[in-house]
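As structure tokens, the structure follows; a few thoughts come after it.
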Amino acid sequence: MSGILEKHNESINLTYNYTYRMLVHLKNIKENFNKLDNPDDITIEVYRDSIIKKYETLEDLTWKLLSKIFKASGLEINNPRGCYKQAFKENLIDDISMWNDILLSRNSNSHIYNEEDYEDIKDKILDEYIDAIEKLLRNISEKVM
């Protein structure tokens, strides 16, 4: 994948930087949320909703970044599942089932009507997804850029 940035350098760099900033924002929300002492129900709900919304944006940016990287190398992949499969093939991610879960959680957010399910997704974001996305961005930085 070396040299793929030549043709699409600016677009990939801008998307990477924006994706990384979104990851930092989400990690900051997580850190602030963990520091709360005895938050009330409204505060918990606001943080939860903020975490999930930032995550939705981050996941969208992540697969679009992969799509741009693959396009620069001659592959036209315009959907998240295809991007994650290709990233797995190119050793940018190492656990495809985690990324299938990331996508499933992202797609199901708008169809959740149960507070418990919403909390489960928030917990997965905080406990698993942030780390997986951060690892992918680190791999992109090391192997692609």
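So, R0 is 25 Å and r is the distance between the beta-carbons of S73 and R138; what FRET efficiency does that work out to, to 0.05?
Efficiency computed from Cβ-Cβ geometry: 0.80.
When the Karplus curve 6.51 cos²θ - 1.76 cosθ + 1.60 is applied with θ = phi - 60°, which whole-Hz ³J(HN,Hα) does each residue of the range 112-120 get, with x for Gly and Pro?
Coupling constants for the range 112-120: 9, 10, 10, 4, 5, 5, 4, 5, 4 Hz.
Give the cross-link partners of K71 among the lysines, using a straight C-alpha distance below 17 Å as the criterion and excluding same-chain residues fewer than 8 apart.
Of all the lysines, those that pass the test against K71 - Cα under 17 Å, at least 8 places apart if same chain - are K7, K85, K89, K143.
Under 8 Å for C-alpha pairs, at least 6 residues apart: give me the relative contact order for the range 5-143, rounded to a whole percent.
Details: 94 pairs, mean separation 40.0, N = 139.
Once divided by the residue count of the range 5-143, the mean separation gives 29 percent.
Could you pull out the chymotrypsin sites (Phe, Trp or Tyr not before Pro) across the range 65-145 that fall in loop regions by DSSP (anything but H, G, I, E, B) with no more than 15 other Cβ atoms inside 10 Å? It would help to have the intermediate numbers written out before the result.
Working: sites: F70, Y84, F88, W99, Y113, Y118, Y129; in loops: Y113.
For chymotrypsin sites (Phe, Trp or Tyr not before Pro) across the range 65-145 that sit outside H, G, I, E and B with at most 15 neighbouring Cβ atoms in 10 Å, the list reads Y113.
Using the Karplus curve 6.51 cos²θ - 1.76 cosθ + 1.60 with θ = phi - 60°, work out ³J(HN,Hα) for each residue of the range 43-60 in order, rounded to whole Hz, and write x for Gly and Pro.
Along the range 43-60, the couplings run 4, 4, 5, 5, 5, 4, 5, 5, 4, 5, 5, 4, 4, 4, 5, 4, 5, 4 Hz.
What is the set of long-range amide H partners of I77 at a cut-off below 5 Å, with H atoms built 1.01 Å from backbone N?
Result for I77 returns K71.
Multiply the residue separation of T57 and N34 by 0.36 nm, subtract the distance between their alpha-carbon atoms, and state the gained length in nm to one decimal.
6.2 nm
Which one of L92, L36, L26 has the biggest mean-square fluctuation once the chain is modelled by GNM with Cα springs under 10 Å?
Result for the chain, Cα springs under 10 Å: L36 fluctuates most.
Using just the alpha carbons, could you tell me how many Å³ per residue the convex hull of the range 48-145 encloses?
On the way: hull volume 8.5 nm³, N = 98.
Once divided by residue count, the hull of the range 48-145 is 87 Å³.
Starting from the 7 Å offset along Cα-to-Cβ, what nm value, one decimal, do you get for the label separation of H8 and S97?
Distance between the two pseudo-spin positions: 3.0 nm.
Give, rounded to the nearest 20 debye, the magnitude of the charge dipole that the chain has about its Cα centre when Lys and Arg contribute +1 at Cβ and Asp and Glu contribute -1 at Cβ. Provide the component values of the computation, followed by the final result.
On the way: 20 positive and 27 negative charges, 198 e Å.
For the chain, the charge dipole is close to 960 debye.
A short reminder: the numbers here are calculations on the coordinates, not readings from a lab. This structure is a prediction, so every number in the text was calculated from the model and none was measured. Note that we place each Cβ from the backbone using ideal geometry, even for glycine, and neighbour counts take in every protein chain shown.
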